[in-house]
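K.L.:
Mind looking over this structure? Questions follow.
The values are calculated or read from the model by the stated rules, or taken from the named source; none is laboratory data. Not measured: the values here are computed from a predicted model. Don't worry about glycine lacking a Cβ; one is built from the backbone with ideal geometry, like all the others, and counts go over all protein chains shown.
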Amino acid sequence: MEILKKIAETLYDGNEDAMPGLVQEAIENGFSAQEVLDAMMAGMAIVGDEFSRDELYIPEVLCSCHAMMEGSKVLKPLLTDQDAKALGTVILGSVQGDMHDIGKNLVGMMLEGRGLKVIDIGIDVPPEKFVEAAIGNNADIVACSALLTTTMPEISKIEKAFVDAGIRDKVKIMIGGAPITQDFCDRMECDAYAKDAGGAATLAVKMCE
Ligand code: B1M
């Protein structure tokens, strides 16, 4: 348990150099990849609270993000099965105006881990790019991440872009991110909402069956 506490603290401190070694140590001590991920998320939750109270500033938050990314790299092979035949294709991106990508990246890892082919089109993605990528890759699912209340309305524009392109019935739209809810998903006429990366993977597999 001590090591998980240390991981949360190291994430909070933004010590990216120390993170891979600690994550490796936790795995070798028998903790699961999910338990280690939960410890990193616990550290990030404190960062988020202090950021909202202006007790931490953007450079400090970014150091924690880098630590999260370094830790995630160690977990990635444990969460993904490189040899599996793809169950379906998912286009993944953060919506236009949104630069947050840590949650999106975790969603991508979990989807790959459950046998889906993931095409990550990055952050700040305009609706037409989601449509273009879905058509170009014959995608089954479009997965959109939004972390800001100000970027949530982009979801409605994405749904409309698929209707306008005449392919809304061919692609499932899955949404998620801290401010998103099932009620919002229903109102935006999207197909699925997942609270976290694990839930996103379970829903995506179901939608491809
Ligand atoms: Co941002 N930020 N940020 N930020 N940031 C939040 C989101 C905020 C809640 C912080 C706060 O005030 N408490 C707040 C939003 C408030 C609001 O909208 N009401 C906020 C703000 C205001 C801002 C800026 C506007 C700040 C400013 O400039 N004044 C700015 C906006 C930039 C922009 O996007 N245009 C900004 C900038 C940044 C940084 C660049 C410093 C950095 C992002 C770096 C990066 O991502 N590379 C950052 C960070 C790190 C955060 C917090 C602290 C942490 C986010 C994170 O990575 N969490 C965040 C506070 C918080 O969330 N507590 C905050 C860990 C991650 C694993 O969780 O992304 O929630 P999360 O993903 C989860 C689920 O949400 C879900 O699964 C994931 C894991 O299981 N999920 C999906 C996510 N996407 C999904 C998609 C799915 C399904 C599930 O299906 C498709």
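K.L.:
Suppose we keep only residues that are part of a helix (DSSP H, G or I) and at pLDDT 95 or above within the range 178-199. Which one would you say is nearest to the ligand (Cβ to nearest atom)?
P.N.:
So in the range 178-199, the residues part of a helix (DSSP H, G or I) come out as 182-187, 197-199.
In the following step, the residues that additionally are at pLDDT 95 or above were identified as 182-187.
Numbers: 182: 12, 183: 15, 184: 12, 185: 10, 186: 15, 187: 16 Å.
The extreme case among them is 185.
K.L.:
Counting just the residues of the range 166-195 that are among the acidic types (Asp, Glu) and exposed (fewer than 14 other Cβ atoms within 10 Å of the Cβ), which one comes out farthest from residue 87 (Cα to Cα)?
P.N.:
183
K.L.:
Say we look at the range 32-50 and pick out the residues that are surrounded by fewer than 19 Cβ atoms within 10 Å (Cβ to Cβ), of a type outside the set (Ser, Thr, Tyr) and under 13 Å from residue 1 (Cα atoms); which of these is nearest to the chain's Cα centre (by Cα)?
P.N.:
Filtering first and then ranking leaves 38.
K.L.:
Something else about it: Determine whether the range 122-141 contains at least one residue that is more than 9 Å from the ligand (Cβ to nearest atom), modelled with pLDDT of 95 or more, of a type in the set (Asp, Glu) and out of contact with any helix residue (DSSP H, G or I) (no Cβ under 7 Å at 6 or more places or on another chain).
P.N.:
The answer is yes, given that some residue of the range 122-141 is more than 9 Å from the ligand (Cβ to nearest atom), modelled with pLDDT of 95 or more, of a type in the set (Asp, Glu) and out of contact with any helix residue (DSSP H, G or I) (no Cβ under 7 Å at 6 or more places or on another chain).
K.L.:
Condition check: under 20 Å from residue 196 (Cα atoms), among the aliphatic types (A, V, I, L, M) and buried (at least 20 other Cβ atoms within 10 Å of the Cβ). Does residue 91 satisfy that?
P.N.:
yes
K.L.:
For the range 10-90, which fully contained helices (runs of 4 or more DSSP H) count at least 2 residues that are among the charged types (D, E, K, R), farther than 22 Å from residue 113 by Cα and within 12 Å of the ligand (Cβ to nearest atom)?
P.N.:
33-52
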